[in-house]
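Everything below concerns the one structure shown next.
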Amino acid sequence: MTDQQTPAADWLATITPEQMTKVSEGTFSDLIGLRYTEISPDRVRGEWTVKPHLYQPAGLQNGGVYCTVVETLASVAGGVWYGERGSVVGVNNNTDFLRAVRDGNLYGEATPIHRGGMQQLWQVVITDEQERVIARGQVRLQNLPVRR
């Protein structure tokens with residue numbers, strides 16, 4: 001990025017869930033089928049359907065999918081909140097797997113725990129169709145201010 005360019009995250013300030021899903025085509029989150037359903041500076045939600053290509057060898061949703069969803073939703077949320085000040089990058093992802101899943105739709109919701117000048121901390125809760133908590137995680141984001 002040159003000094004005259006705006007940060008990559010600048011476009012996140014007004015993006016809709018449908019646009020974010022479209023922008024994500026061809027990425028890892030697209031591979032797992034993540035669709036965004038809500039995007040705001042205070043919350044990002046997404047959903048996906050558990051399918052066999054996302055299984056680990058025992059026929060359960062792979063925990064890496066949960067880690068990906070946690071990281072992705074938190075990063076988008078943090079980027080939307082940080083906006084034109086710069087961009088954000090994940091520096092830690094801690095995800096707990098609480099319940100095994102073989103099929104159905106899952107839902108993730110990212111909400112802020114702390115949003116500071118240098119770092120942010122977001123919590124992401126993943127639930128199933130019965131609103132049971134399947135996994136939960138925290139992502140620490142580093143804020144990268146625009147360099148002028």
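The values are calculated or read from the model by the stated rules, or taken from the named source; none is laboratory data. If you're wondering where the values come from, they're calculated on a predicted model, not measured in any experiment. Note that we place each Cβ from the backbone using ideal geometry, even for glycine, and neighbour counts take in every protein chain shown. The accessibility values were calculated without ligands, DNA or RNA, using every heavy atom of the protein model including side chains. Shrake-Rupley method; radii C 1.70, N 1.55, O 1.52, S 1.80 Å.
Taking the numbered list (1) at pLDDT 95 or above; (2) more than 12 Å from the chain's Cα centre (by Cα) in turn, Trp122 passes all entries but (2). The residues of the stretch 17-47 that are in a strand (DSSP E or B) and either farther than 20 Å from Val125 by Cα or over 12 Å from the mean Cα position of the chain (by Cα) (or both) amount to a single one, Ser40.
Of the residues making up the stretch 22-37, those that are closer than 14 Å to Val69 by Cα and either of a type outside the set (Val, Ile, Thr) or modelled with pLDDT under 95 (or both) are Ser24, Thr27, Phe28, Ser29, Asp30, Leu31, Gly33, Leu34, Arg35, Tyr36. Among the residues in the stretch 73-92, are any more than 15 Å from the chain's Cα centre (by Cα) and not in a helix (DSSP H, G or I)? Scanning the stretch 73-92, I find at least one residue that is more than 15 Å from the chain's Cα centre (by Cα) and not in a helix (DSSP H, G or I), so the answer is yes. Taking the criterion of being part of a strand (DSSP E or B) and either open to solvent by less than 60 Å² (accessible area, probe 1.4 Å) or under 10 Å from Arg140 (Cβ atoms) (or both), the residues of the stretch 110-122 that qualify are Ala110, Thr111, Pro112, Ile113, His114, Gln119, Gln120, Leu121, Trp122.
In the stretch 48-72, of all residues being part of a loop (DSSP other than H, G, I, E, B) and among the hydrophobic types (A, V, I, L, M, F, W, C), the one that is farthest from Arg148 (Cα to Cα) corresponds to Ala58.
If the condition is being surrounded by fewer than 24 Cβ atoms within 10 Å (Cβ to Cβ), among the polar types (S, T, N, Q) and within 23 Å of Val23 (Cβ to Cβ), then the stretch 45-74 contributes Thr49, Thr68. Note on the stretch 75-103: residues that are of a type in the set (Gly, Ala, Ser) and surrounded by 21 or more Cβ atoms within 10 Å (Cβ to Cβ) total 5.
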